[in-house]
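Okay, structure first, notes after.
The values are calculated or read from the model by the stated rules, or taken from the named source; none is laboratory data. Just so it is clear, the structure is predicted and the values come from calculations on it, not from any experiment. Heads up, the Cβs are rebuilt from the backbone with ideal geometry, glycines too, and the neighbour counts pull from every protein chain shown. For accessibility, only protein heavy atoms count, side chains too; no ligands or nucleic acids. Shrake-Rupley method; radii C 1.70, N 1.55, O 1.52, S 1.80 Å.
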Amino acid sequence: QVQLVESGGGLVQPGGSLRLSCAASGIIFSINDMGWFRQAPGKQRELVSTISNSGNTNYAASVKGRFTISRDNAKNTVYLQMNSLKPEDTAVYYCNAQIKRSWANRVNDYWGQGTQVTVSS
C-alpha cells in the first residue's frame, strides 16, 4: 500500500501565506514527479505545480511568482509554499506522486485525500 498524507491547509486572509506538505509512505521503490493540483467548487481539477526527482519545476501561470514547490527526496515529501494568496486560490488541494513500488512494477499515479485552502477576509 502507498499513502499520500497532506497537511497545512486552512483559512487565510487575502495576501497571506500557507505551506502545504505531502508525505508518501508505504512500499516505495522510487518516485518520479510529485505535484499539486486543485479543484474549486464547480470547476475541473487543475494543475498547480510539479517537481521532478531532479528538482525541475513547473507552475501554472496563475500561481507563478507566488507559489514555490520543493521536495525532500529522503523523506518522500513535497511542499507547496503559497504566498500572496488570493480569493481565487480557494480550492481543495490534492497531492500527486508518480511511484514505482518495485523495480519490476510500472509507474502509477497516487493521490492524497485533499486539503481545503480558503482565502477570505
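Laid out as a table, the results:
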| quantity | calculated |
| --- | --- |
| Proximal aspartates and glutamates to K64, defined as alpha-carbon separation beneath 17 angstrom and excluding residues fewer than eight positions away on the same chain | E46, E88, D89 |
| Cβ-based net charge around V78, under 15 Å, with every Lys or Arg adding one and every Asp or Glu removing one | 0 |
| Cα centroid separation - segment 97-121 against segment 46-77, whole Å | 13 Å |
| Contact order relative to length of the chain, as percent, for alpha carbon pairs under 8 angstrom and 6 or more apart | 36 percent |
| Set of lysines near K75 by C-alpha distance (under 24 Å), chain-local residues within fewer than 8 positions excluded | K100 |
| Rg/Rg_ref, the chain, where Rg_ref = 2.2 N^0.38 Å and atoms are Cα | 1.04 |
| Under Karplus coefficients 6.51, -1.76 and 1.60, residue-wise ³J(HN,Hα) of segment 48-60 in Hz, glycine/proline x | 9, 6, 9, 9, 7, 6, 9, x, 6, 10, 9, 10, 5 |
| Accessible surface of segment 27-70, 1.4 Å probe, proportion on carbon and sulfur as whole % | 48 percent |
| Segment 51-121, accessible area per residue, ligands and nucleic acids excluded (1.4 Å, Å²) | 53 Å² |
